[in-house]
Ligand code: 48H
């Protein structure tokens, strides 16, 4: 005899109710982070740890961005000594390679960032940010649609999400900055430069900033906006940039 305790319609109702509860709560967020790579996940974690309502939007099925494949699909990543405290915060293990270079497992790093960020922030996958919302010279939110809508080229209008602060953490694409530049002409992107790991790593953290009222940049997007070198599969700069953008937003929203 099959009991009726597990019910298909209850399963569907539970998913629909809980998902739309989360989506509705996110429609007016304090901070929206675009991109679920290392810098975006770290920013989402630290912002929500500080008590801010942080929503992260990722267009792909899986979060983690460029972490998973390490360097050329060798799934290990290097993190320099300055960023080890972020690995410790996320309980990621690492091995010393020399005084300055440490090695972490790419899968463990991606898993830990996603896990810890998901405990605190509102994370969405399969949501593609396709435009910006601007009023009175300030970014006020984002225009979003489900990724399969874009992939299938269906004519379906997007919806909007309001935010007091937006973080462009879309990596090499610098999607939000490029869109803002195209639509307003008020932001100039210098474009990412050649490989120079030391300059790239330092610059990405140093130049993490607010680039337009309400719009902050973190991770590789910083390099795209400020014309900084790339650095390859070393991830300390991404982690520190994510932490720094959370601190900058905190000091701005606290006022
Ligand atoms: C929603 C979007 C959209 C959109 C893109 O590339 P990422 O891992 O970004 P970072 O900056 O946190 O880390 C960069 C690092 O992975 C890397 O590539 C390095 C260090 N490269 C050095 C080198 O020399 O090459 O993640 C960005 C995420 C991705 O998951 C995208 O899918 C997502 O943003 N994304 N999400 N709406 N319009 N555009």
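Using the Cβ-Cβ distance between residue 82 and residue 160 with R0 set to 25 Å, the FRET efficiency from 1/(1 + (r/R0)^6) comes to roughly 0.05.
Taking all pairs of different Cα atoms in the stretch 1-92, averaging 1/r and flipping that mean, what Kirkwood radius in angstroms comes out?
Values: mean 1/r = 0.0611 Å⁻¹.
This gives a value of 16.4 Å.
Sorted ascending by nearby beta carbons within 10 Å, beginning with the fewest, 207, 46, 97 become 97, 207, 46. In this simple spin-label model, placing a label point 7 Å from the Cα along the Cα-to-Cβ direction at both residue 209 and residue 195 gives a separation of 2.8 nm. Going by a ≥ b ≥ c, the root eigenvalues of the Cα gyration tensor, does the stretch 96-186 fall in the rounded group (a/c under 1.5), the prolate group (a/b larger than b/c) or the oblate group? It comes out prolate by the Cα gyration axes. Each of residue 21 and residue 99 was given a label point 7 Å from its Cα along the Cα-to-Cβ line. The distance between the two points is 5.4 nm.
The orientation-averaged shadow of the Cα convex hull for the stretch 179-255, equal to a quarter of the hull surface, comes to 5.1 nm². For the stretch 28-254, the convex hull spanned by the alpha carbon atoms encloses 116 Å³ per residue. Using Cα centres only, tell me the gap between the stretch 211-235 and the stretch 93-133 in whole Å. Using only Cα atoms, the two centres lie 17 Å from each other.
Using the rule -39500 (n - 2.57) for each DSSP H run of four or more residues, divided by the residues of the chain, the 222 nm mean residue ellipticity is -12500 deg cm²/dmol. For a paramagnetic label modelled on residue 252 (point 7 Å from Cα along Cα→Cβ), amide N atoms under 14 Å away belong, within the stretch 217-233, to 217-219, 222. As a calculated quantity, the FRET efficiency between residue 118 and residue 152 at R0 = 35 Å, using C-beta atoms, amounts to about 0.80.
No lab work stands behind these numbers, since they all come straight from the coordinates. Please read these numbers as outputs of a predicted model, since none were measured by experiment. A quick note on method: Cβ atoms are made from the backbone with ideal geometry, for glycine too, and the neighbour counts reach across all protein chains shown.
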